[in-house]
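Only one structure is covered here, and it is reproduced in the block below.
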Amino acid sequence: MVYENPDGVRIGLEVHVQLNKLNTKLFCGCSTNYHDSEPNTHVCPVCLGLPGSLPVINEKAVEFAIKIGLALNCNIVEQTQFHRKNYYYPDLPKGFQTTQYDFPIAGEGKIVIEGEDGERVIRITRAHMEEDPGRLQHMGSIDKSKGTLINYNRSGMTLIEIVSEPDMRSPKEARRYLDKLRSILDYLDVFDGDLEGAMRVDANVSVYMGERVEVKNISSFKGAERALLYEIMRQKNHIRRGGEITLETRHFDEARGVTLSMRTKETENDYRYFPEPDLVPLRVADWVPEVLKTLPELPDAKRDRFIKEYGIIDMHARALTTEIKVANFYEEVASKVDPKAAAVWVADILKGELNYRDLNVDAFTVEDIVSVIELVTSNKITEQSGVEIIRAVLDNGGKPQDIVKEKGLLKVEDDIVAKAVEEAIAENPEAVADYRAGKEKSLNFIVGKVMQKTKGRADAREAREKLLAKLDE
Ligand code: ZN
Ligand code: MN
């Protein structure tokens, strides 16, 4: 299938990733562990931007940034330099954001995604370090708010801004890009993606290869897809009515699912970038070999290895390698039972039950899933009972072996099934006659009777086979 892009949709994404796994902020010693704290309790003169305070760079933050750059297949710059990006906003009390400008720490990388028509390479323009501003909290909705509160706990947190080329051609591709990016960052163990504000997305969107519009304030991946769908439709309708698309910045209103015009886009000149005199340039090239050694096996490589090493299908390998926790969980299970059976049980069944309950893989133990798989593969319980046990463990706790006893899930002995088959045939002569006369449906009726007699503890497929054998005698 060849995916055409007749509307010339181009989407580029700017993703701000908060490195909340660092212990301290980017330029001061304040703790990053503020997410459950009272407002304005994780602050100091540096991150409050008080006059006379001086920044000191967080070495670990630079290391994380290099690691991210390498994982995104970027070139790491020889020497980086921080700049001041000047603008006034209450969440930024210094009056400028300390960021990187002409020497971003990483440039020219790529991410491979599953595109609309097979694998696609999305180019990464750059990844640079900068500080997070504070957080404004409007009292009520942004347009009707009577007042605004400011929380500076977030001020000075380390951000990596990852900028892509406009290589995505649909909201779905954008979503896949974001999922892949999150997966890679998850592997690098540089952030906890579940924390509020861990990944924030701005999008550049254009249609018919025209001017681009920037959409800001997208707070979730689902939101990104919705915002993009809306914005593409809006631009097309506008052009259809004879309008023209001009450079502008729009705000995504998540509640209403629409984008609203904010301002014409500022240009770089408006920011009066100049080198940060309080921070010396950093020669980072020398760090690269050491950081390279700490780079883990990444999702694509792990997926390929799972396929080769465990002989599992691509679909399972993908599902098992998106999250590092799930990948590790699977490998532990696969070391104890048949890896192919393990893939089905972990990727298809367990993950499905976890997703349904909004839980992650920590909610289940390797030991318990191994027990379930062993019970099924040794033919002691049916597959359906295996699923039932997983649900019971998740909903009420308990051990699979105990649940088997409590619920009486052990499969009935062969001879009991055989007896039930004989009885079912003897007691339902009409159905037997119908089946022999060619009515396939009657067979299901008799299978149902066998299941009833064994209280559902016979394997339906086996019961069916036994019944067929008997009827064809
Ligand atoms: Zn501070
Ligand atoms: Mn930024």
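Which residue, of G243, G197, G257, G210, is without any contact (Cβ under 8 Å) to a residue 24 or more places away in the chain and either small (G, A, S) or touching a Cys at 6+ places or on another chain (Cβ under 8 Å) (or both)? Write out each step before concluding.
Working: G197 fails: without any contact (Cβ under 8 Å) to a residue 24 or more places away in the chain; G257 fails: without any contact (Cβ under 8 Å) to a residue 24 or more places away in the chain; G210 fails: without any contact (Cβ under 8 Å) to a residue 24 or more places away in the chain.
Matching residue, one of G243, G197, G257, G210: G243.
Only one residue in D132, D143 is among the acidic types (D, E) and away from ligand 2 (no atom under 16 Å from the Cβ). Which one? Even if it seems obvious, please write down each step before you answer.
Values: D132 fails: away from ligand 2 (no atom under 16 Å from the Cβ).
It is D143.
Would it be correct to say that D117 is among the acidic types (D, E) and within 16 Å of ligand 1 (Cβ to nearest atom)?
Values: among the acidic types (D, E): yes; within 16 Å of ligand 1 (Cβ to nearest atom): no.
Spelling it out, it is not the case that D117 is among the acidic types (D, E) and within 16 Å of ligand 1 (Cβ to nearest atom).
Going by the structure shown, is E462 within 43 Å of the chain's Cα centre (by Cα) and surrounded by 14 or more Cβ atoms within 10 Å (Cβ to Cβ)?
yes
Given the conditions (1) open to solvent by less than 80 Å² (accessible area, probe 1.4 Å); (2) out of contact with any strand residue (DSSP E or B) (no Cβ under 6 Å at 6 or more places or on another chain); (3) more than 16 Å from ligand 1 (Cβ to nearest atom), which single one is not true for I11?
All conditions are met except number (2).
Based on this model, can you work out whether P55 counts as away from ligand 2 (no atom under 16 Å from the Cβ) and in contact with an Asp or Glu (Cβ under 8 Å, 6 or more places away or on another chain)? Write out each step before concluding.
Values: away from ligand 2 (no atom under 16 Å from the Cβ): yes; in contact with an Asp or Glu (Cβ under 8 Å, 6 or more places away or on another chain): yes.
Answer is yes for this residue.
Yes or no, residue by residue, for (1) modelled with pLDDT of 95 or more; (2) within 16 Å of ligand 2 (Cβ to nearest atom); (3) under 30 Å from A174 (Cα atoms):
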position	(1), (2), (3)
V9	no, no, yes
L22	yes, no, yes
P39	no, no, no
C44	yes, no, no
E63	yes, no, yes
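Taking the stated definitions as given, is G134 within 16 Å of ligand 1 (Cβ to nearest atom), within 26 Å of V43 (Cα to Cα) and not acidic (D, E)?
Details: within 16 Å of ligand 1 (Cβ to nearest atom): yes; within 26 Å of V43 (Cα to Cα): yes; not acidic (D, E): yes.
Considered against the rule, which asks whether it is within 16 Å of ligand 1 (Cβ to nearest atom), within 26 Å of V43 (Cα to Cα) and not acidic (D, E), G134 comes out as yes.
Any residue in region 336-360 that is assigned by TED's automatic domain parsing to the domain that holds M315 sitting within a Cβ distance under 9 Å of a residue that is open to solvent by less than 70 Å² (accessible area, probe 1.4 Å) and of a type in the set (S, T, N, Q)? List the pairs, counting only those 6 or more apart or interchain.
L354/N360
Quick check on region 64-83. Is at least one of its residues in the same structural domain as A224 (by TED's automatic domain parsing) and within 16 Å of ligand 1 (Cβ to nearest atom)?
The initial filter retains those residues of region 64-83 that are in the same structural domain as A224 (by TED's automatic domain parsing), namely 64-83.
If we keep only those that are within 16 Å of ligand 1 (Cβ to nearest atom) as well, we get none.
No, there is no match, as no residue in region 64-83 is in the same structural domain as A224 (by TED's automatic domain parsing) and within 16 Å of ligand 1 (Cβ to nearest atom).
Filter region 282-305 down to the residues that are of a type in the set (D, E, K, R) and part of a helix (DSSP H, G or I) and list them by number.
Restricting attention to region 282-305, the residues satisfying the condition of being of a type in the set (D, E, K, R) are 283, 286, 290, 293, 297, 300, 302-305.
Across region 282-305, the qualifying residues are D286, E290, K293, D300, K302, R303, D304, R305.
The values are calculated or read from the model by the stated rules, or taken from the named source; none is laboratory data. The shown structure was predicted, so the numbers you read here are calculated from the model rather than taken from an experiment. Please note: Cβ atoms are built from the backbone with ideal geometry, for glycine as well, and neighbour counts cover all protein chains shown. Surface accessibility is based on the protein's heavy atoms, side chains included, excluding ligands, DNA and RNA. Shrake-Rupley method; radii C 1.70, N 1.55, O 1.52, S 1.80 Å.
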